[in-house]
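A.B. asks: Pasting a structure here, questions to come.
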Amino acid sequence: MNVSATLNVFRLFSNPELCLPHLVVPTFAHLPVPIIIPGQKPDTIKAVVLDKDNCFAKAHDDKVWPEYKEKWDSLRKAYPGASLLIVSNSAGTNDDIGHRQAKILEERLGVSVLKHSTKKPGCNKEIMDYFIKNKVADGPHQVAIVGDRLFTDMLMANMMGSWGVWVSKGVVLSNSLICQIERKTYEHYKTI
């Protein structure tokens, strides 16, 4: 269970805009590289956080979805080393015993996986500590969060003062109840 998401989603009752993205792309293949947020300078983004499941990989898979390989390579080139970080609610969490899945991802993909005790959206301090320690970003205003979930990834981006990039369809369009609620929420509030 994701206690962080359960507790933080209540913020949306008083401020539903917290789950709205700054940029929407249907799939990871449509992600602009470098990431440019509309209305911002082209060099605003210095660091990128990537969700894994249904963002650049199929859920519960430890490799880049084949159709996204070229985009993955260009993203790694544009954001080398510590400027690209995978933050998952599975790999790297306390549920990932001994961080085995995180280690597999790091070996296969060549990108660091954040080891964190609090799941998204509550791990924003751990993310910023990582980027500041590695001298990649001065603050959250230089970070883009790329993910397929409004109530975790985009909520976290807005809570921390970063830029949210929503992958609206993902690898596979999810019809889970929570994803249907997220899409309806987006449609309702996107014009605010």
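A.B. asks: Each label point is 7 Å from the Cα along the Cα-to-Cβ direction; what then is the distance between the points at residue 132 and residue 117, in nm?
C.D. replies: 1.8 nm
A.B. asks: Compute the length gained on full extension between residue 82 and residue 30: take 0.36 nm times their separation in residues and subtract their Cα-Cα distance, giving the result in nm to one decimal.
C.D. replies: Computed gain between residue 82 and residue 30 is 16.4 nm.
A.B. asks: Could you work out what % of the accessible surface of the chain is carbon and sulfur, using a 1.4 angstrom probe and leaving DNA, RNA and ligands out of the count? Could the numbers behind the result be given before it?
C.D. replies: On the way: 5250 of 9430 Å².
Here it works out to 56 percent.
A.B. asks: Pull up all non-local amide H partners of residue 55: gap of 5 or more, or a different chain, and H-to-H distance under 5 Å with H placed in the peptide plane.
C.D. replies: For residue 55, whose amide H was placed from the backbone, the distant partners under 5 Å are 171.
A.B. asks: Do you know the Lys pair count in the range 69-130 for C-alpha distances under 25 Å, with sequence separation 8 or more or different chains?
C.D. replies: 13
A.B. asks: Let me check something: with ligands and nucleic acids excluded, how do 46, 69 order by accessible area (1.4 Å probe), largest to smallest?
C.D. replies: Greatest to least solvent exposure: 69, 46.
A.B. asks: Rounded to the nearest 500 deg cm²/dmol, what is the calculated helix-only ellipticity per residue at 222 nm for the chain, with -39500 (n - 2.57) per DSSP H run of length n ≥ 4? Walk me through the numbers before you get to the answer.
C.D. replies: Values: 7 runs with 59 residues, N = 192.
The helix contribution divided over the chain gives -8500 deg cm²/dmol.
A.B. asks: From the phi angles alone, apply the Karplus equation (6.51, -1.76, 1.60; θ = phi - 60°) to the range 54-68 and give each ³J(HN,Hα) in whole Hz, x where the residue is Gly or Pro.
C.D. replies: The phi angles translate into 6, 10, 10, 9, 5, 3, 6, 10, 10, 9, 5, 4, x, 5, 9 Hz.
A.B. asks: Is there a quick way to get the dipole size of the range 68-148? I mean about its Cα centre, with the Cβ of Lys and Arg at +1 and of Asp and Glu at -1; what is the value in debye to the nearest 20?
C.D. replies: On the way: 13 positive and 10 negative charges, 20 e Å.
The calculated dipole for the range 68-148 is roughly 100 debye.
A.B. asks: Follow-up question, since we're still on this one. Under a 5 Å amide H to amide H cut-off, with H placed in plane at 1.01 Å, what residues pair with residue 164 once short-range neighbours are removed?
C.D. replies: Excluding prolines and chain starts, which carry no amide H, the hits are 22, 23, 145.
A.B. asks: At 0.36 nm per residue, and after removing the present C-alpha to C-alpha distance, how many nm does the segment from residue 100 to residue 70 gain when stretched out fully? Don't jump to the answer; show the numbers that get you there.
C.D. replies: Details: separation 30, 0.36 × 30 = 10.80 nm, distance 2.65 nm.
So the extension gain works out to 8.2 nm.
A.B. asks: Let me ask you something else. Over the chain, with a single point scatterer placed on each C-alpha, what log10 of the ratio I(q)/I(0) does the Debye formula yield at q = 0.19 1/Å?
C.D. replies: Treating every Cα as an identical point scatterer, log10 I(q)/I(0) equals -1.48.
A.B. asks: Can you give me the long-range amide H partners of residue 84? Hydrogens built in the peptide plane at 1.01 Å from N, cutoff under 5 Å, separation of 5 or more residues or another chain.
C.D. replies: Residues meeting the amide H criterion: 48.
A.B. asks: Which of 181, 144, 161 sits farthest toward the positive end of the charge dipole of the range 137-192, with +1 on the Cβ of Lys and Arg and -1 on the Cβ of Asp and Glu?
C.D. replies: The one lying farthest along the dipole's positive direction is 181.
A.B. asks: If packing is taken as the average number of other Cβ atoms within 10 Å across a peptide's residues, how do 96-104, 48-56, 122-130 rank, most packed first? Kindly include the intermediate steps, with their values, before the conclusion.
C.D. replies: Details: 96-104: 14.7, 48-56: 25.7, 122-130: 18.9.
The most tightly packed comes first, giving 48-56, 122-130, 96-104.
A.B. asks: Tell me, what HN-Hα J-couplings in whole Hz come from the Karplus equation 6.51 cos²θ - 1.76 cosθ + 1.60 at θ = phi - 60° for each residue of the range 171-178, using x for Gly and Pro?
C.D. replies: Using θ = phi - 60°, the values come out as 5, 9, 5, 7, 10, 4, 4, 5 Hz.
A.B. asks: Let me ask something additional. What number comes out for accessible area per residue over the chain if the probe is 1.4 Å? Units Å², please.
C.D. replies: 49 Å²
A.B. asks: Related question: Using a 7 Å offset from the Cα along the Cα-to-Cβ direction at both residue 90 and residue 15, what is the distance between the two label points in nm, to one decimal?
C.D. replies: Here the answer is 3.1 nm between the modelled labels.
The values are calculated or read from the model by the stated rules, or taken from the named source; none is laboratory data. The shown structure was predicted, so the numbers you read here are calculated from the model rather than taken from an experiment. Every residue, glycine as well, gets a Cβ built from its backbone with ideal geometry; the counts of neighbours run over all protein chains shown. The area values use the complete protein model at the heavy-atom level, side chains included, leaving out ligands, DNA and RNA. Shrake-Rupley method; radii C 1.70, N 1.55, O 1.52, S 1.80 Å.
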